[in-house]
1. Which of the residues belonging to segment 34-62 are part of a loop (DSSP other than H, G, I, E, B) and free of Cβ contacts under 8 Å to residues at least 60 places away in the same chain?
2. When you scan segment 1-23, how many residues do you find that are modelled with pLDDT of 95 or more and polar (S, T, N, Q)?
3. Test V96 against the criterion of being farther than 26 Å from G235 by Cα and either at pLDDT 90 or above or aromatic (F, W, Y) (or both), and give yes or no.
4. Given the criteria modelled with pLDDT of 85 or more, in a loop (DSSP other than H, G, I, E, B) and polar (S, T, N, Q), does N184 qualify?
5. Output the number of residues of segment 157-168 satisfying the condition of being surrounded by 15 or more Cβ atoms within 10 Å (Cβ to Cβ) and either in a loop (DSSP other than H, G, I, E, B) or touching a Pro at 6+ places or on another chain (Cβ under 9 Å) (or both).
6. Determine, yes or no, whether I21 is in contact with a strand residue (DSSP E or B) (Cβ under 6 Å, 6 or more places away or on another chain) and β-branched (V, I, T).
7. Can you pull out every residue in segment 224-245 that is touching a strand residue (DSSP E or B) at 6+ places or on another chain (Cβ under 9 Å) and not in a strand (DSSP E or B)?
Amino acid sequence: MSVIVSDTAAHILLVDDHRDIRETLARYLERHGLRVTAAEDAAAARRALRATAPDLVLLDIMMPGEDGLSLCRHLRETTDLPIIFLTAVGDAMERVIGLEMGADDYVTKPFEPRELLARVRAVLRRSRSLPAGSAVRRGENGRLGFNGWTLDLGRRELTGADGVAVSLSTSEFLLLEAFVRHPNMVLTRDQLLDLTKGRAAEVFDRSIDNQVSRLRRKVEADPRNPILIKTVWGGGYCFAADVSARP
């Protein structure tokens, strides 16, 4: 029996070179109310991206020709699309690289379709929960300036107006990146956790509040009276700065 999927349903771009996986998974997702465009390789995915506007990409890492990591890099340079990797059991390093490149989640093959569906829905919920506004696109990996500071997103390096670099831990960089990409927006603690850690839970030791305190000590002139990272009582935090691209 055919399944009628609403035109307003979330649209998934599924990229996998294995036909059986591709077709079986597409049918399963459609039965659960999602629209699916299937692509057998990166070239087909690029054509689909030009022709359609998906809400999320399910991306196999190991594919002939251009692999999933390369396509992920392209997506991060050009879009804000959430990405979930489909990985083989032995692809631990690829999973780490994928998360560092900006993938939102991963599922290890073989997987239960129900688990994948749950992760798809969770990532879609997180991406839609972010406040509307002039967010800086995640794929922009150049240099962003604010209040005399320059954050090099490619090198993960923060420098002051005097040109002196300030050391940032991984968690501090991820938090600052989340702030500079969403300036003048109120972000709840849950949203900041989603923006910074995703599946990499080990990056954060205890809480967003601890990380904010540490970051304030590095970027605020007076950490006790912050003017950049402001606390919004009952809401979360707001990065109160104008952010602009630096040459």
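The values are calculated or read from the model by the stated rules, or taken from the named source; none is laboratory data. Just so you know, these numbers come straight off a predicted model, no measurement behind them. FYI the Cβ positions are ideal-geometry reconstructions off the backbone, even for glycines, and counts take in every protein chain you see.
1. Within segment 34-62, E40, D41, T52, A53, P54, I61, M62 meet the criteria.
2. 0
3. no
4. Yes; evaluated as a whole, the condition is true for this residue.
5. Of the residues in segment 157-168, 1 are surrounded by 15 or more Cβ atoms within 10 Å (Cβ to Cβ) and either in a loop (DSSP other than H, G, I, E, B) or touching a Pro at 6+ places or on another chain (Cβ under 9 Å) (or both).
6. no
7. L228, G235, A240, A241, D242, V243
Matching residues to (1) at pLDDT below 85; (2) aliphatic (A, V, I, L, M):
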residue: L71; (1), (2): no, yes
residue: E115; (1), (2): no, no
residue: R125; (1), (2): yes, no
residue: P131; (1), (2): yes, no
